Amino acid sequence: MQNSRRLLAWTIALSCLSCLVPGSATAQGKASCDESCLKGFMDAYLNALVAHNPSAVPVAADYRYTENRADVRLGEALWATVKSLSPYRHDFFEPQTGGVATFVSIEENDFPDLLSVRLKVENNKITEIETIVSRHARSAGNMPPKDPNWMNLFDRVEPEKTRLARDQLVQGAIDYMRAVAFSDGKLAPFAESCIRLENGGTMALGPDDKSPVPMLSGGGQSTNGGDTWFAAVRKTLGMGCTKQISTDAYDFITGYESANFPVVDVERQIVYGTFNFMRRGDVKGVTLDGKTYEYPAGMRYPNEMLNSEAWKFVDGKITRIEAVFTGPQAYKLGTGWGGTKPVSRPVGTK
């Protein structure tokens with residue numbers, strides 16, 4: 001155990017050498033930890049998690065840690081049940097705010113999970129830890145995508161002349177939430193090539209896009225013997241995000257709240273945020289091409305889904321979306337971290 005602690009300490013120390021350079025532009029405050037340093041903190045956190053060793057995490061005295069919204073102490077909840085890290089990890093950084101986040105696949109009590117972790121680092125200590133666990137995620141094994149273009153596009157630094165500013169990127173992410181909640185794809189700046197992965201499954205494709213992971217299958221039959229919503233989603237793949245959302249396929253989502261955007265990478269044009277999609281429960285199904293598809297039971301009572309998402313912008317347009325989410329949870333419960341006020345589609349409207 002002592003060797004593990006020493007190794008974790010060296011991991012952070014080596015990655016934070018840039019913090020100690022006298023006179024450097026990042027020598028003080030939140031921005032004193034660059035991408036390499038922030039990665040070191042995330043490495044240390046994940047290594048400590050699978051080692052069940054919370055004492056190895058360099059937290060501030062007044063740190064806060066949540067798991068699926070609930071406030072817990074390090075060492076509890078997932079810390080007691082995680083078994084190992086799995087192959088997938090996707091990091092996001094914002095040194096200016098001390099923010100780092102990751103999507104990572106894990107094994108918990110012999111079941112596959114997808115985990116979203118967000119850390120805030122100040123003065124070489126972790127002050128905030130926000131985690132969202134999608135447990136028993138049936139598509140966790142799809143990650144990482146076999147198509148290298150998925151990660152290559154996210155990792156690409158975009159030309160300076162095409163970049164949106166931080167506040168514009170955040171507004172684009174909010175526009176995405178509004179487009180989904182109001183069933184109007186034109187409300188968000190979607191690119192023609194638009195792929196969305198949710199908990200490891202492909203949920204949207206552009207007309208010329210190929211799925212980076214195995215396609216969605218299954219879904220069974222509805223209570224009346226007809227096809228379920230999953231069949232409707234398969235029917236919309238290839239439409240692109242704008243047209244797909246405008247079909248009302250996601251009409252069961254009636255609002256959003258508690259949106260926070262703690263990690264925004266302006267160079268790569270990526271926004272990482274957490275929020276809740278609200279589901280009022282008063283919409284039974286969706287009709288496409290004259291055929292009605294029934295929503296699953298979990299979409300047909302008041303509840304929310306706790307989301308973490310990353311949006312990739314190219315030329316000012318949303319082209320890739322990755323999400324790890326869990327639920328249902330209580331209606332209007334929020335993320336536990338504040339954020340935007342609830343925005344809902346009025347009853348009886350689109």
(message) Checking a compactness column here: for the stretch 117-227, what do you get for Rg(Cα) / (2.2 N^0.38 Å), N being the number of residues?
(response) 1.35
(request) Please report how far the C-alpha centroid of the stretch 172-210 lies from that of the stretch 62-116, rounded to the nearest whole angstrom. (result) 25 Å
(message) With θ taken as phi - 60° and the coefficients 6.51, -1.76 and 1.60, list the Karplus ³J(HN,Hα) couplings across the stretch 321-327 in order, rounded to whole Hz; mark glycine and proline as x.
(response) 9, 10, 9, 10, 9, 9, x
(request) Compute the length gained on full extension between residue 167 and residue 84: take 0.36 nm times their separation in residues and subtract their Cα-Cα distance, giving the result in nm to one decimal. (result) 26.2 nm
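When a footprinting reagent is the concern and you count Cβ atoms within 10 Å, what order do 272, 295, 331 take, fewest first?
Working: 272 28, 295 21, 331 16.
Final ranking by Cβ density, sparse to dense: 331, 295, 272.
A 27 angstrom limit on the alpha carbon distance is what I want to check against. Which of 83/146; 210/317; 120/210 exceed it? Write out the running numbers ahead of the final one.
Values: 83/146 24 Å; 210/317 19 Å; 120/210 35 Å.
Listed pairs above 27 Å: 120/210.
How do 289, 34 rank when sorted from fewest to most other Cβ atoms within 10 Å of their own Cβ? Write out the running numbers ahead of the final one.
Values: 289 7, 34 18.
Listing 289, 34 from fewest to most nearby Cβ atoms yields 289, 34.
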(request) Principal axes first, then extents: for the Cα atoms of the chain, list largest minus smallest coordinate on each axis, whole Å, largest first. (result) 67, 48, 38
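From the C-alpha coordinates alone, can you work out the Kirkwood hydrodynamic radius of the stretch 145-344, in Å?
That comes to 17.2 Å for the stretch 145-344.
With the convex hull built on the Cα atoms of the stretch 81-172, state its orientation-averaged projected area in nm².
7.9 nm²
Only the coordinates and a few stated rules stand behind these numbers; no lab work does. Keep in mind it's a predicted model, so treat the numbers as computed, not measured. When we count neighbours, we look across all protein chains shown, and the Cβ atoms used for this are built from the backbone with ideal geometry, even at glycine.
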